[in-house]
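Here's the structure we're looking at; comments come further down.
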Amino acid sequence: MQNIFENAMTEICSLSLTQAAQSLQKKELGAAEAVTACLARMDATEPGISAMLTIDREGALAAAAAMDRQGPDPSKPLWGVPVTVKDALSTKGLRTTAASRILENYTPFYDAYAVQQLREAGAIILGKANMDEFAMGSTTENSSYQTTRNPRDTSRVPGGSSGGSAASVTAGQCFASLGTDTGGSIRQPASLCGCVGLKPTYGRVSRYGVIAYGSSLDQVGPLTRTVEDCARVLGVIAGHDQRDGTCAPRPVDDYVAALGGKGLKGARLGIPKEFFGEGLAPEVRAVCQNAMGHSAGAGRRTGGSKPAAHRCGHCHLLYHRHGRSQLQPRSL
Amino acid sequence: MADNKTISQDEVTHMATLSRLSVSEEEQTLFARQMGDILAYMDVLAQVDTNDVEPLYSPAQHPGHLREDVAARRRERTEVLANAPEADGEYFMVPRIV
């Protein structure tokens, strides 16, 4: 079993997004240098994990060179930061397939809102990440192009449908990736690959330019290596967009600032008892209870909670199990 | 495990025809069973008492937005036609299907 993670990552690729963004602002790191390091990391890891459907070397290097000529812009929170984007999000001039052969030759003439926000914040788009075709799957095995492998153990799936995004971030190919989540498609692959994934509250991020799966559930969200990085990216992509009628006209909070200070100390975590019922694998139960014990140790109070219709929780889990095929994902 | 709702192989081939998909005999049997299993899970949901639960029409907590019905030119025709396998400079050209 090959573990990609055992190979020493270049120093640059092992930085968090926050560290990289700060180094870029201080000119300790150049944008072209960051992009080159990430592309080299892709060259080294892609044969093992196949996370990327399209890599835009020329575009990314050209954007980086132009940015280096102008110098860092302190008003751009992601200035010079290389990122990847799940192939369900439209990228202007860059092939977008949703991992389907139907869209093999489709090049959008516009950016998704979230992509536009990344660009305006100074991020550099390295390429498009693999996924289950049209987001229909939870293992990224349903891509019509390639199967992505878990960077922590390439005999295992990365999860899905944002498996390419999760693998790309975890393997150090980029500092963040945008995924989409309808019924777990950011959170589950993030969990299986061991990185951070967030599904924002519905309406927090515009769905304009996202190839839809379940429009009343879909949300774009960040996958990153740290929680702080996640907060940073959410702050960039969240916001009101007139072109998505379900997008909330609420102001965007300072998520990074909200992390500081006491953090979760004294906070109360609700754990639905029904999610620990019949059908839960013992290894998963053990990992979750260990994490809860960890939380309790760090000063957070945990307690059982009971959703009104507990059997709906049961059905939600069953829906996920039916989505599985071939290789069964294992928890870490 | 909920009881399987029987879906016949004929129903599977009918759905495949509608979807323009070809389905082998083994796949007919497999899909009939799988579709039956999925429908059976709906019965589990049906057992939940929702008499005192307000229906959820949208997860969005805010009203929809309307804008003035004003036409705006946002795209160039060349951009829009660029992905067409066949175009005549003005229109997409597609195979006749009716």
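The values are calculated or read from the model by the stated rules, or taken from the named source; none is laboratory data. Being a predicted model, the structure only gives us computed values, none of them experimental. Backbone-built Cβ (ideal geometry, glycine too); neighbour counts: all protein chains shown.
Would you tally the residues in segment A:164-194 being in a loop (DSSP other than H, G, I, E, B) and closer than 16 Å to A:Thr139 by Cα?
Residues that pass the stated criteria total 6.
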Quick check, is A:Tyr106 more than 27 Å from A:Gly159 (Cβ to Cβ) and part of a loop (DSSP other than H, G, I, E, B)?
no
State yes or no: is A:Lys76 in contact with a Ser or Thr (Cβ under 6 Å, 6 or more places away or on another chain) and under 18 Å from A:Ala176 (Cβ atoms)?
no
What pairs can you find where one residue is in segment B:51-66 and within 9 Å of chain A (Cβ to nearest Cβ) and within 19 Å of A:Thr201 (Cβ to Cβ), the other is modelled with pLDDT under 75 and in a loop (DSSP other than H, G, I, E, B), and their Cβ atoms are less than 9 Å apart, with a gap of 6+ or different chains?
B:Ser58/B:Gly64
Look through A:Leu126, A:Leu178, A:Leu103 and report the one residue that is under 13 Å from the mean Cα position of the chain (by Cα) and within 30 Å of B:Pro85 (Cβ to Cβ).
A:Leu178
From (1) closer than 22 Å to A:Val233 by Cβ; (2) modelled with pLDDT under 95, pick out the condition that doesn't hold for A:Asn105.
(1)
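Any idea which of A:Val205, A:Val157 is modelled with pLDDT of 95 or more, within 14 Å of chain B (Cβ to nearest Cβ) and crowded, with 24+ Cβ neighbours inside 10 Å?
Details: A:Val157 fails: within 14 Å of chain B (Cβ to nearest Cβ).
After ruling out the rest, the residue left standing is A:Val205.
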Search segment B:29-50 for residues being at the interface with chain A (Cβ under 8 Å from one of its Cβ atoms) and among the hydrophobic types (A, V, I, L, M, F, W, C), and hand back the single one that is nearest to B:Ala16 (Cα to Cα).
B:Ile38
Would you confirm, using the coordinates I've provided, whether A:Arg225 is more than 14 Å from chain B (Cβ to nearest Cβ) and either touching a Phe, Trp or Tyr at 6+ places or on another chain (Cβ under 8 Å) or on the phi > 0 side of the Ramachandran plot (or both)?
yes
Answer yes if at least one residue in segment A:43-61 is hydroxyl-bearing (Ser, Thr, Tyr), crowded, with 24+ Cβ neighbours inside 10 Å and closer than 24 Å to A:Gly160 by Cβ, and no otherwise.
yes
So which residues in segment A:181-202 are surrounded by 21 or more Cβ atoms within 10 Å (Cβ to Cβ), within 14 Å of another protein chain (Cβ to nearest Cβ) and touching a residue at least 24 places away in the same chain (Cβ under 8 Å), if there are any at all?
A:Asp181
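Looking at A:Val81, A:Val85, which is the one that is in the same structural domain as A:Ala135 (by TED's automatic domain parsing), farther than 21 Å from A:Asp132 by Cβ and crowded, with 24+ Cβ neighbours inside 10 Å?
None of the others qualify; the one that does is A:Val81.
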If A:Ser14 passes every condition in (1) under 12 Å from A:Cys174 (Cα atoms); (2) surrounded by 17 or more Cβ atoms within 10 Å (Cβ to Cβ); (3) touching a residue at least 40 places away in the same chain (Cβ under 8 Å) but one, which one does it miss?
(2)
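Which residues, counting only those in segment A:19-31, are part of a helix (DSSP H, G or I) and surrounded by fewer than 20 Cβ atoms within 10 Å (Cβ to Cβ)? Even if it seems obvious, please write down each step before you answer.
Going residue by residue through segment A:19-31, those that are part of a helix (DSSP H, G or I) are A:19-25, A:31.
Correct list: A:Gln19, A:Gln22, A:Ser23, A:Gln25.
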Quick one: would you say A:Gln146 is part of a loop (DSSP other than H, G, I, E, B), crowded, with 24+ Cβ neighbours inside 10 Å and out of contact with any His (no Cβ under 9 Å at 6 or more places or on another chain)?
no
Test set (1) modelled with pLDDT under 90; (2) surrounded by 12 or more Cβ atoms within 10 Å (Cβ to Cβ); (3) away from chain A (no Cβ under 12 Å) - B:Phe92 fails condition number
(1)
Please work out which residue is surrounded by the fewest Cβ atoms within 10 Å (Cβ to Cβ), limiting yourself to segment A:234-270 and to residues that are touching a Ser or Thr at 6+ places or on another chain (Cβ under 6 Å) and more than 14 Å from every other protein chain (Cβ to nearest Cβ).
A:Gly270
